[in-house]
Every structure is written in structure tokens, then in C-alpha cells.
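Before any comments, here is the structure.
The values are calculated or read from the model by the stated rules, or taken from the named source; none is laboratory data. Computed from a predicted model, the values in this text were never measured in an experiment. No Cβ is skipped: glycine too gets one built from the backbone with ideal geometry, and neighbour counts run over all protein chains shown. Quick note on the areas: whole protein, heavy atoms, side chains included, nothing else; ligands and nucleic acids left out. Shrake-Rupley method; radii C 1.70, N 1.55, O 1.52, S 1.80 Å.
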Amino acid sequence: MIAVFRRNSSCDEFRRRGALLACLCVLLGSGCTYLGQVKAQRDYEQSHRHEPKLATAKHILQEPTFFVYGRIEGDSADHSGAPVVVLAVSNDLQPDEIVDVFRLGRSGSFYGMNLPEGNYHLVMATDRNRDGTLQVDEIDGSTTLSLDEETYPGRVAANMDLEGDPQTRITISTFPVDYGPAESRSLERSLFYPEGTLRALDDSIFSRYMSELGMYDPSAFMEMAPLMFYALEEDSPHKVPVIFVHGMGGTAADFESMVERLDRDRYAAWFFHYPSGLELGRLSQLFYDIFLSGQIIPPSETPCVIVAHSMGGLIVRDALNLHLERNGQRKVGLFVTLASPFGGIKSAAVGVARAPLVVPAWRDLAPGSSFIENLFRKSLCGQVQHRVLFCALTDEDVANQEGSDGVVPVDSQLSSLIQAGDSSITGMRASHAGVLSHPVAVEQVNEWLSVIRSPLPEPQLQLISKGGFVVDSEQQPGRYTEIELHILKTFGYLLRALANGEVEPASSHQEQFLAALNPEVPAQTPAETGWVKFTEDFPELAK
């Protein structure tokens with residue numbers, strides 16, 4: 001059963017209590033897992049008391065940590081793709097202690113790490129001989145960083161860019177550093193995204209083990225999956241990005257059924273895969289920075305769709321508050337939430353009050369928390385379409401808008417702020433986790449997102465679907481860059497049609513491409529320089 005509503009009815013207090021108990025079990029996780037994490041936290045605390053180290057402190061849930069990220073730039077681009085490694089080194093508690101290591105770096109891309117409060121040297125080094133060890137003479141640059149809550153009240157240190165400098169001189173006693181096997185050697189390499197971004201949904205970083213780390217040991221999670229932005233395929237600017245955001249204890253793999261039904265010729269699946277135990281305000285800031293700000297993923301004429309489950313809906317809704325306060329960012333065409341507790345969850349407050357190990361996210365999930373109270377400070381009306389899918393376990397509860405989905409009470413899913421005209425509301429019979437694979441829910445989400453289309457006209461999309469030209473780079477070594485070859489292979493037929501006047505330009509980028517066909521106008525973008533070379537080398541194919 002599926003039904004559409006515009007108004008809310010009162011909820012049955014008795015049924016809500018049953019949902020409260022069920023939800024507490026979910027928040028605490030399985031008994032063995034939770035008790036094991038309680039012991040692990042005690043071990044961290046005991047180890048830190050015996051021998052204080054920042055590398056240990058960052059794993060203690062109650063210790064404040066800061067997410068640090070920035071761009072890797074500079075001379076490392078000249079080292080033929082050799083791994084670029086970023087180290088966080090501190091002398092606060094131990095001499096030259098390596099507190100964190102980012103292994104998936106390359107010039108022109110981004111790094112990220114989670115660090116406790118303290119003072120650091122951020123060191124950038126390039127493993128030029130690719131032996132898995134960094135020597136002092138392989139250091140390319142460094143900068144200093146002091147992390148405290150007065151300087152970074154949101155505990156996000158953004159835009160900490162690192163630039164290679166051949167004159168860099170720094171002495172660190174821990175060098176040489178064996179930074180371990182570079183995982184990127186076995187990963188699909190992307191031309192546009194950071195190393196390690198392209199993953200299949202059965203990748204180990206989307207496993208249940210990782211979801212448990214994300215709840216109880218966020219720093220360990222981010223050592224293994226530091227990027228938080230993942231995709232299934234190379235960047236395709238003509239496709240509408242669909243950003244999937246999991247809930248507490250979830251992973252990107254939770255959306256497998258929805259991704260299987262996605263029209264991959266028109267839509268690209270992106271994932272915000274994050275440690276779900278962190279404070280929700282920090283996670284919403286990171287979501288905004290990565291996906292909406294335009295600083296990491298450049299703004300595009302193509303709108304995006306966001307599909308969020310459970311707690312993920314709260315993270316994105318708060319990020320949209322930031323999005324609506326600022327200009328020049330990616331356009332959000334549609335925001336879909338599935339079984340999200342917009343009114344909070346009472347069992348989170350129970351966990352904060354009674355549990356031996358408190359996950360920071362629980363404090364924000366508790367009804368009446370500052371996060372919940374400020375969640376709807378900006379209205380989405382007229383700016384972002386919001387589709388709410390709420391769930392209950394019986395048809396009667398769906399019709400009466402009461403009960404729960406086995407985890408989240410319906411009255412929390414249908415918070416009075418949601419009812420105020422901010423959203424379009426649909427209800428269906430499904431469990432909290434089951435909604436993600438329920439055929440009716442999957443079909444409904446696809447129907448909603450089908451109204452968000454690429455800004456390119458249909459004739460151009462048809463040409464793109466046919467591909468382009470494969471140029472044998474070995475016959476002309478160094479003639480074309482990797483990106484030029486990729487563009488010719490992916491968009492070659494569209495470029496030819498534009499150049500020959502068979503289709504009209506549909507964007508400012510396409511108009512610029514046509515202008516660059518004039519010999520007096522210098523070609524600048526890879527599409528322009530690649531096509532100019534192609535017309536010189538293969539004039540018959542170009543026409």
C-alpha cells in the first residue's frame with residue numbers, strides 16, 4: 001500500500017513506546033558488537049593513560065577530533081603518477097609522532113584526515129621510486145596547523161592546501177617512513193576524481209565491518225575510507241548525479257537495489273559514505289563542502305538529486321541550510337528522504353543517559369537537541385523539491401499516520417515542521433531497513449527522479465550514447481593527453497556534430513568549443529585542444 005498525504009494526525013503514545021525499545025536496540029547495535037566496542041574504548045583509554053599518544057587519542061570517542069582536508073598541488077605532478085602521501089606529524093606528546101597518514105594522494109587532487117586537538121606539521125612527500133617507503137629527500141612540502149575548538153568551532157579545518165616546493169627543507173626523526181602498501185595500485189584509476197574514488201558496491205570499504213567502525217571508531221573508519229565521496233564510474237558531466245546518503249550504521253551498499261534500477265545512461269550514482277557515529281553538524285558541514293559548495297566538485301549546469309535514508313536525511317537537510325545561505329554552488333533539483341527521524345529519536349536520549357559507551361551522533365538525534373531544534377531554520381519551498389517517504393509496519397498505521405517502521409516512530413518521520421508546507425509526503429508499508437529494497441519504494445524513487453533531466457537536449461544525449469573515436473596513443477606517443485583521449489572516446493560524435501553544425505550548442509561550454517574552432521582563437525579546454533589535434537590527424541573522420 002502506498003498513499004500520499006498533506007496533513008498529519010495524532011500518534012498513538014502506546015505504539016511509540018514499542019518503537020522506542022526497538023530503536024534503542026538498533027542504536028546500540030548487536031550485543032556482541034557493542035560490548036566489544038565498549039572494551040575497545042576502554043583499551044584505548046588505558047593505553048593512552050599509560051603512554052599518551054595523539055594517534056591513540058583520536059580513537060577515543062569522547063576526545064574531540066577535527067576533520068582536515070585540502071588540495072594537493074605543486075611539483076609532484078612531474079613524477080609520472082608516483083604516489084603522493086600526506087603525513088600529520090606532531091611533537092605534542094611524542095617526538096615526531098605520525099598521527100595520521102593519507103595514502104591515496106596525487107597532485108591536483110584532495111586529501112583528508114581525522115586528527116585530535118593539537119599542533120601538527122602536515123608533510124607532503126612523493127614516493128618517486130615507488131618502494132612503499134618515504135625518504136627525507138622525497139619530502140615536497142609542509143605546513144603547520146594548530147587544531148582547537150576556538151579556531152575551528154565546527155571541528156572542520158577546510159582548504160588546508162599543500163603545495164610542493166623543491167626548496168623544502170625539514171628534518172623529521174621518524175624518516176624514512178614505511179607508509180604501507182599503496183591501495184591505489186589495485187584500484188581503478190580516475191582521470192578526474194581523487195585516487196580510490198571509483199569503487200563497486202561490493203568493495204570491502206562498504207562492508208558491515210566498516211559500518212561498525214564508522215559508529216564506534218570513526219578515526220579507524222577514516223584511515224581506511226578517508227574520501228567520503230565515492231562513485232561507480234568516471235565523471236560524466238551530461239549525467240544527473242544521484243547522491244545516495246546512508247543512515248546510522250549503514251553503508252553505500254544499502255542502496256544496491258536502487259542503483260540496479262537507475263538508468264545509468266542518464267544518471268550517475270554518487271555516494272556519501274561517512275562514519276555515522278560523528279556529530280551530525282560536522283557531517284552536514286562535510287556533505288555541504290564536498291557535494292554542494294562548488295569548492296571540491298565544481299558547480300555544474302546539471303542539477304543533482306539527493307536520496308537519503310534515515311539519519312542521512314537529517315545530515316543533508318542541515319547541509320541544505322548552508323546551501324541556501326550561499327551562492328554559486330551546485331543546483332539541487334530534488335531531495336528524497338526515506339524513513340528519516342526529523343523529530344529525533346527518544347531512544348537516542350536514553351542511550352546518552354544510560355549507555356556505558358555514548359556515540360556522539362546520539363546527542364544530536366535526541367529530541368529537543370540543538371541540532372533537531374535548528375534543523376528547519378531555512379525553508380526549502382520554491383528552491384528545492386523535497387519528497388518525504390515515511391514508513392509504517394501496517395497498512396492501518398500508514399493510513400492513520402501512526403505507529404513506526406520498527407525503528408523510527410511515524411510522528412518523528414512526519415515532524416510538524418515537515419507538515420508546514422516544506423515537503424510532499426508519501427506513506428507506504430515497509431520496515432525501516434526494508435524500504436531500501438522494497439520494489440514499490442524503488443519504483444517510487446525512480447519515478448520522482450525521472451523529472452530531473454540533463455540540461456542537454458535529447459539529440460545531444462543520443463549522440464553521447466553512441467560514443468566517439470578511439471585514438472591509438474601508442475602510434476603518436478605524447479600527442480594526446482589522457483583526458484583528451486577520454487573526451488574523444490566518450491563525446492567524439494557530439495563534438496563532430498557541433499563542429500559541423502548538425503546540432504546547435506546548448507551551453508556556454510559548447511559555444512566556447514565552437515569559438516575555439518577559429519584558428520585565431522586559442523584552444524584551451526581538453527575538449528578544444530583534443531578536437532583540434534583530431535581534425536589535424538584524422539580530417540576525414542572529423543567531417
- Message: I'd like to know if the stretch 65-79 contains one or more residues that are modelled with pLDDT of 90 or more, part of a loop (DSSP other than H, G, I, E, B), in contact with a strand residue (DSSP E or B) (Cβ under 9 Å, 6 or more places away or on another chain) and closer than 23 Å to Gly214 by Cβ.
- Response: no
Just one listed residue, out of Pro153, Pro176, is open to solvent by 40 Å² or more (accessible area, probe 1.4 Å) and in contact with a Ser or Thr (Cβ under 6 Å, 6 or more places away or on another chain), and it is Pro176
If we ask which residues in the stretch 465-488 are farther than 23 Å from Tyr193 by Cα and part of a helix (DSSP H, G or I), their number turns out to be 1
When the stretch 502-515 is checked residue by residue, the ones that are among the hydrophobic types (A, V, I, L, M, F, W, C), open to solvent by less than 40 Å² (accessible area, probe 1.4 Å) and under 35 Å from the mean Cα position of the chain (by Cα) are Phe513
With respect to Pro360, determine if the residue is of a type outside the set (A, V, I, L, M), open to solvent by less than 10 Å² (accessible area, probe 1.4 Å) and under 17 Å from Gly247 (Cβ atoms).
no
Of the residues in the stretch 307-333, those that are modelled with pLDDT under 95 and over 17 Å from Leu286 (Cβ atoms) come to Leu324, Asn327, Gly328, Lys331, Gly333
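What residue, of Ser276, Ser236, is in contact (Cβ under 8 Å) with a residue 12 or more places away in the chain and open to solvent by 10 Å² or more (accessible area, probe 1.4 Å)? Even if it seems obvious, please write down each step before you answer.
Values: Ser276 fails: open to solvent by 10 Å² or more (accessible area, probe 1.4 Å).
Being in contact (Cβ under 8 Å) with a residue 12 or more places away in the chain and open to solvent by 10 Å² or more (accessible area, probe 1.4 Å) holds for just one of Ser276, Ser236, which is Ser236.
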Please verify whether the stretch 489-501 includes one or more residues that are part of a helix (DSSP H, G or I), surrounded by 17 or more Cβ atoms within 10 Å (Cβ to Cβ) and among the β-branched types (Val, Ile, Thr). yes
Condition set assigned to a loop (DSSP other than H, G, I, E, B) and of a type in the set (Lys, Arg), scope the stretch 364-422, selection least open to solvent (accessible area, probe 1.4 Å): answer is Lys378
Reported set for the stretch 334-356 where residues are modelled with pLDDT under 90 and not in a helix (DSSP H, G or I) is Ala355, Pro356
